[in-house]
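See structure below.
The values are calculated or read from the model by the stated rules, or taken from the named source; none is laboratory data. Here the structure is a predicted model, which is why all the values come from computation and not from measurement. No Cβ is skipped: glycine too gets one built from the backbone with ideal geometry, and neighbour counts run over all protein chains shown.
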Amino acid sequence: LRKLKRAVYGAALGSLGYTGWLMYRNRNPAEQKPFDPSKKTLVLLGTGWGSTTVLKNLDTENFNVVVVSPRNYFLFTPLLPSCTVGTIENRSIMEPVRLLMRHKSREVRFYEAECTDIDAQNKELTLERRVDADGNQVPAGQGETTKISYDYLVVGVGGTVNTFGTPGVEQHACFLKEMGDARKIRRRLMDSIESASFDDISQAERDRLLHMVVVGGGPTGIEYAGELHDFLVDDLTQWYPELADRVRITLVEALPNVLPAFDKKLIDYTQSTFKENKITILTRTMVKEVKEKSFIVQNPDGSRSEIPYGLLVWATGIKSQPVVDNIRAQFGAAQSNRRGLLVDEYLRVKGASGVWALGDCALSGYAPLAQVAAQQGKWLSRNLNRLAVQNTDDPKADLFALIEKNCRQFKYSSQGSLAYIGSEKAIADLPFFNRNITAGGIATFWFWKSAYLSELFSLRNATLVASDWIKRFFFGRDISRE
Ligand code: FAD
Ligand code: NAI
């Protein structure tokens with residue numbers, strides 16, 4: 001027994017020491033080597049799941065690395081819906097990219113800018129910094145521009161929200177794609193609630209303000225509706241008791257059911273949980289227009305109705321980024337699909353030389369998922385590291401050509417799907433040997449929490465998220481309007 005005790009104490013002390021060392025190393029990175037003119041320049045576009053995974057795993061001994069992104073942080077998107085109501089604070093799921101860069105053995109350069117164009121002939125990129133002195137976005141074409149060169153390019157620019165050209169969406173709806181979107185939803189939500197608490201408004205106007213609408217029954221819309229429900233039940237009932245009963249949540253989906261990519265059992269479970277939680281689901285209903293205070297739907301029988309709302313969140317999936325069209329245009333007939341960049345089994349952009357694409361902007365035959373982008377990033381960085389080491393003596397070696405001869409093709413291995421559906425319940429569709437197992441409920445919620453906690457980008461992020469969950473448990477969500 002004494003031996004066991006000693007082993008336990010030893011292990012505890014060891015892990016404490018290791019955590020301390022990790023924290024010290026995090027705050028005190030070692031000196032970095034400068035750029036080496038004899039190495040090739042590898043430019044990474046984007047700081048999302050794909051490009052950041054490349055950066056994390058790439059050995060910068062072998063390349064001069066340059067990162068270009070309008071966002072100087074990585075965003076852990078799976079927990080973004082939690083930020084819309086304050087279950088998690090925004091910065092807890094953001095990881096500054098410079099922390100990662102500073103821990104590489106060789107200096108990495110970063111440009112906080114958008115890549116707007118590419119000259120494939122001269123291997124040159126045009127960058128535009130679309131931010132004014134107050135930090136606000138300026139319209140495309142009005143920012144400062146600069147040009148940089150590359151030997152190798154990795155395009156990981158993700159996608160952008162798809163409105164399908166529906167009138168009024170850009171002007172009146174909120175999206176849920178970036179941190180700025182979550183911030184805007186939280187502000188508008190509190191705006192609607194505070195406005196509804198005025199005495200001198202009509203009951204119809206109060207009901208409009210308290211009608212929260214989610215368009216799109218994919219995982220984003222479902223998770224957001226779940227978070228909104230929790231906010232209503234846990235917090236609004238306490239702090240706005242006179243209003244909480246009048247708040248309505250409606251989810252509108254054009255297809256016959258929500259979550260089309262999930263197992264039928266999980267779809268039924270989600271729909272019945274939403275029913276219990278008094279979230280109305282309108283299926284086979286398509287939003288045709290969004291106005292300032294109401295939206296128009298086409299009902300299942302083909303008729304149209306106008307429904308008033310206070311807050312409308314548009315979560316109907318993604319389409320390709322504008323820069324992707326410019327990149328496609330450089331590679332002619334090989335890039336015939338307007339939905340993104342066609343890549344081969346080695347993630348090489350078809351028709352290009354020295355250009356790879358990964359994640360949501362690449363048409364690789366896989367769904368637009370963080371898991372896919374991260375696995376692609378890992379695959380690409382490991383192969384580039386290996387090829388660079390194998391060819392250190394040959395500065396002219398073309399890794400773009402060598403990857404096909406020397407590496408296995410990229411194959412995605414699904415780790416399953418998880419989604420939070422509100423009231424401390426989650427659903428999971430997990431691969432198990434050759435079958436899938438499905439689960440839904442409170443135990444799955446704890447699995448969901450632990451899975452996301454372990455997948456967070458850094459120990460720092462995991463600590464912040466865990467402390468947000470504890471804070472919420474003891475003090476509730478912060479309802480102040482920023
Ligand atoms: P992104 O992560 O979108 O990153 C793109 C990067 O490119 C960003 O840094 C952006 O600023 C930058 N960029 C954009 N334009 C330019 C330009 N012109 N020049 C340079 N840089 C540019 N997937 C899952 O597998 N599981 C989940 O639970 C999950 N939850 C999600 C929840 C939400 C709310 C959302 C919105 C998505 C979720 N996803 C999830 C999907 C997942 O986030 C995406 O599939 C993933 O982010 C794709 O990674 P990416 O690297 O291709 O692009
Ligand atoms: P999505 O494409 O999965 O779903 C969008 C839904 O909106 C579709 O069901 C579509 O029928 C519906 N729709 C489109 N236009 C409409 C209209 N006018 N009116 C009503 N409904 C309309 O989009 P989502 O949820 O944004 O997800 C994007 C990607 O991110 C997907 O690949 C998804 O799997 C992934 N993701 C995964 C998560 C997870 O695994 N937990 C969480 C969030 C996103």
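Remarks
- Qualifying residue in the range 218-229 (condition: closer than 18 Å to SER192 by Cβ, surrounded by 19 or more Cβ atoms within 10 Å (Cβ to Cβ) and more than 16 Å from ligand 1 (Cβ to nearest atom)): yes
- Some residue of the range 90-97 being among the small types (Gly, Ala, Ser) and within 30 Å of ARG477 (Cα to Cα): yes
- Filtering the range 30-72 to residues that are assigned to a helix (DSSP H, G or I), surrounded by 21 or more Cβ atoms within 10 Å (Cβ to Cβ) and more than 16 Å from ligand 2 (Cβ to nearest atom) leaves SER51, THR52, THR53, VAL54, LEU55.
- Checked against the criterion of being surrounded by fewer than 18 Cβ atoms within 10 Å (Cβ to Cβ), at positive phi and assigned by TED's automatic domain parsing to the domain that holds THR41, the range 110-131 has no qualifying residue.
- Residue that is nearest to ligand 1 (Cβ to nearest atom), among those in the range 149-197 that are among the β-branched types (Val, Ile, Thr) and over 19 Å from TRP314 (Cβ atoms): VAL157
- Options GLY217, GLY165; residue that is within 23 Å of ALA426 (Cα to Cα) and within 16 Å of ligand 2 (Cβ to nearest atom): GLY217
- Any chance LYS319 is among the charged types (D, E, K, R) and either away from ligand 1 (no atom under 16 Å from the Cβ) or closer than 30 Å to LEU232 by Cα (or both): no
- Verdict on MET179 being more than 11 Å from ligand 2 (Cβ to nearest atom), crowded, with 17+ Cβ neighbours inside 10 Å and over 21 Å from the mean Cα position of the chain (by Cα): no
- The requirement of being at pLDDT below 95 and outside any loop (DSSP other than H, G, I, E, B) is fulfilled somewhere in the range 134-143, by at least one residue.
Residue by residue, here is whether (1) at pLDDT 90 or above; (2) in the same structural domain as VAL154 (by TED's automatic domain parsing) holds:
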{"residue": "LEU402", "(1), (2)": "yes, yes"}
{"residue": "PHE433", "(1), (2)": "no, no"}
{"residue": "ALA439", "(1), (2)": "yes, no"}
{"residue": "ALA451", "(1), (2)": "yes, no"}
{"residue": "THR463", "(1), (2)": "yes, no"}
{"residue": "ALA466", "(1), (2)": "yes, no"}
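- Among the residues listed as VAL247, VAL213, VAL252, the single one being within 21 Å of PHE295 (Cα to Cα) and in contact with a Phe, Trp or Tyr (Cβ under 6 Å, 6 or more places away or on another chain): VAL213
- Residue check for LYS396: at pLDDT below 95, out of contact with any Leu (no Cβ under 7 Å at 6 or more places or on another chain) and surrounded by fewer than 14 Cβ atoms within 10 Å (Cβ to Cβ): yes
- In the range 1-30, the residues that are of a type in the set (A, V, I, L, M) reach residues that are in a helix (DSSP H, G or I) with C-beta atoms within less than 7 angstrom, at least six apart or across chains, in these pairs: LEU22/LEU459.
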